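The values are calculated or read from the model by the stated rules, or taken from the named source; none is laboratory data. On a predicted model such as this, the values are computed, not experimentally measured, just so you know. Note that we place each Cβ from the backbone using ideal geometry, even for glycine, and neighbour counts take in every protein chain shown. SASA here: full protein model, heavy atoms, side chains in, ligands and nucleic acids out. Shrake-Rupley method; radii C 1.70, N 1.55, O 1.52, S 1.80 Å.
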Amino acid sequence: FTGTQSRLIATAVSAALAGAVITFGLFQRNARKKAEAQLDREYRSSMVFDDPNDPMIGDSGGGETILLPHNHEAKMRRRIAARVAVEEDNMTPRDSVTVQVPATSANLGPGYDCLGMAVDLWSEVTVERADKFLITAEGDGANQMPKDESNYLVIGVKAAFEAAKKEMPTLKYHVVSRIPFARGLGSSSAAIVAGIIAGLVLAGHRLPCWGSEALLQIAAGIEGHPDNVAPAIYGGIQLGIHNGSRWVTERVPCPSNLQLVMFIPDFVGKTSAARGVLPPTISREDAAFNIGRVAFLVHAFSSGNVDNLKHGAQDKMHQPQRGDKLYKYLYPMIEAAERAGACCAYLSGAGPTVMALTSGAVGDIFTQQEKERTDDHVAKAMIDAANTFGIKGKLLVTTTANEGARVVKVVPPFSSDNITYRDNI
């Protein structure tokens, strides 16, 4: 061949090879797309609590969901579902389980039914298989809590077995109560959350978490709102809403030096009565007031600017009405606590407990006592205010709980020869 012919032949061969490579690449790409689409169809059946009305998650026309860059939860659901269909992943059923769950303080002033905080005050519940139904209790409110199936602990266990699609066995329950009963510190929510967790462990059933938060859905479905159950589950300060499809909650940063000073009256407060004094509507002015205050409150927590908590904790939606009709001591006690140095004070949940927040729980104890801590002064001021109104009760000082409900004992245990979990559970 001449030089020109050789170059032409080489060019033709190169073009043919390039064409083959491109064709093979396109074939591989199409095959991969088909495989991904098939996988998507397979694991989409395991997703729960999708939002069909979300305008940002569209449909390509072929039945395939389009995930945009910000759709983090949907992406995580796909990853989880591709790995294992968690809601069908049953573990070994257990014979006995012990759960610890924290108290909670809801509303925090203006955050009606949406904002709540876990309190470092814990109740303990043991549930085990038995031949006869029985509820025993000791501690705070042991004589007041129901001992039949109307107990929220039993309701929570039932909900767990329903989620597991298993028949609920006969069980016996023992409660060590350290959360004051019906005082606005989340005793009912603690029972619900402890019951659900205990039931799931006994049934040997897992629930979807990321993008579903199925435990939150069950608990908030029973309670009707997330302000107590969310911090009971996750700990810390939680801000929760219903997005139209499911309950969602996010943790609000909490200043590390925060202390909780609470006056707990001797009498119980019924949530039904506390809600009964609230009007069915509020004015636009009051709505705007609360919207601004709750935003200011969350920002104060997030930034650590505790001086702004006093303004953020103000409310017009429920505290004035409850103070006027049920708790005459409320505002005098709030004012006394703040004058004594509290960052803010508010009605905890539906009452009757009044919660004051103070700072200074950092540094060496001598500096705290001399320069920073005001909890002792605040406590005395709250007691004096209560005495003015003839209200008897107790004063308790603690902190926030960064951790939510946890399993502390289970039979048979989760730990094995190869893996040991915390507390050797």
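Cross-link pairs exceeding 21 Å between alpha carbons, from the set K270/K380; K325/K392; K270/K325; K147/K394; K132/K158: K270/K380; K147/K394.
For region 111-182, the Cβ-based charge dipole about the Cα centre amounts to some 240 debye (Lys, Arg positive; Asp, Glu negative; other atoms uncharged). When the accessible area of region 287-425 is computed with all protein chains present and a 1.4 Å probe, what percentage of it is carbon and sulfur? Looking at region 287-425 in its full context, I get 53 percent from C and S.
For T126, T104, the ranking by accessible surface with the largest value first comes to T126, T104, using a 1.4 Å probe. Using a probe of 1.4 angstrom and keeping all protein chains present, the accessible surface of region 132-172 works out to 58 square angstrom per residue. Annotation: per residue accessible area for region 209-360 equals 40 Å², rounded to a whole number [probe 1.4 Å, protein chains only]. Ordering I135, I241 by accessible surface, largest first, gives I241, I135; the 1.4 Å probe counts only protein heavy atoms, with every chain in place.
Measure off, as a whole percent, the carbon and sulfur share of the 1.4 Å-probe accessible area of region 190-277, all protein chains present. Reported share for carbon and sulfur atoms: 58 percent.
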